[in-house]
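Comments concern the structure below.
The values are calculated or read from the model by the stated rules, or taken from the named source; none is laboratory data. Everything quoted here is computed from the prediction, not taken from an experiment. We place every Cβ from the backbone using ideal geometry, glycine too, and count neighbours over all the protein chains shown.
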């Protein structure tokens, strides 16, 4: 069965072991022994020697995964079922938001990607070149999407 390691700020904190009903998270014994009852990952998951149940594990780690259409797209690209939480987190958990990384057991470094800085005008050109997408049935229509980079103010124009 699949086993994943959970790292927090570069330190091995625990493991998720696959079960028939999903997975169970257990803190590493050294972490649990040094911090009993301390909420390290979450208030709902204080450090303890025993593994957490499938429901509590799924609830917390589900928060690291994309939702809705983004999740469907990621699963489609990776060839996974949208219900395969463990498979999805195994594939993309190396780059979770925040300080948590979820890696296949024994893969201490995880995947590494390099990023190149992109100038604002080059990014605008890339965005303009994206193919237009047909709206999903039932989706809310947004007549205008402002193009901006994080940290830039949104400029609002008065309707004419």
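Quick check on the range 64-79. Is at least one of its residues within 17 Å of residue 99 (Cα to Cα) and out of contact with any helix residue (DSSP H, G or I) (no Cβ under 9 Å at 6 or more places or on another chain)? Checked the range 64-79: no residue is within 17 Å of residue 99 (Cα to Cα) and out of contact with any helix residue (DSSP H, G or I) (no Cβ under 9 Å at 6 or more places or on another chain).
Among the residues of the range 80-93, how many are outside any helix (DSSP H, G or I) and either in contact with a helix residue (DSSP H, G or I) (Cβ under 8 Å, 6 or more places away or on another chain) or touching a residue at least 40 places away in the same chain (Cβ under 8 Å) (or both)? If you could, list the steps in order and put the result at the bottom.
Of all residues in the range 80-93, those outside any helix (DSSP H, G or I) come to 80-84.
Next cut, either in contact with a helix residue (DSSP H, G or I) (Cβ under 8 Å, 6 or more places away or on another chain) or touching a residue at least 40 places away in the same chain (Cβ under 8 Å) (or both) only: 80-82, 84.
Looking only at that region, the number is 4.
With respect to residue 77, determine if the residue is out of contact with any strand residue (DSSP E or B) (no Cβ under 8 Å at 6 or more places or on another chain) and outside any strand (DSSP E or B). Here the answer is yes, as residue 77 does meet what is asked. Taking the range 79-109 as the range and being at pLDDT 80 or above, more than 14 Å from the chain's Cα centre (by Cα) and either surrounded by fewer than 11 Cβ atoms within 10 Å (Cβ to Cβ) or farther than 10 Å from residue 4 by Cβ (or both) as the test, the residues that pass are 79, 80, 81, 83. Checked against (1) more than 18 Å from residue 97 (Cβ to Cβ); (2) touching a residue at least 24 places away in the same chain (Cβ under 8 Å); (3) within 14 Å of the chain's Cα centre (by Cα), residue 61 meets all criteria but (1). On the stretch given as the range 19-44, residues that are out of contact with any strand residue (DSSP E or B) (no Cβ under 7 Å at 6 or more places or on another chain), in a strand (DSSP E or B) and at pLDDT 90 or above total 1.
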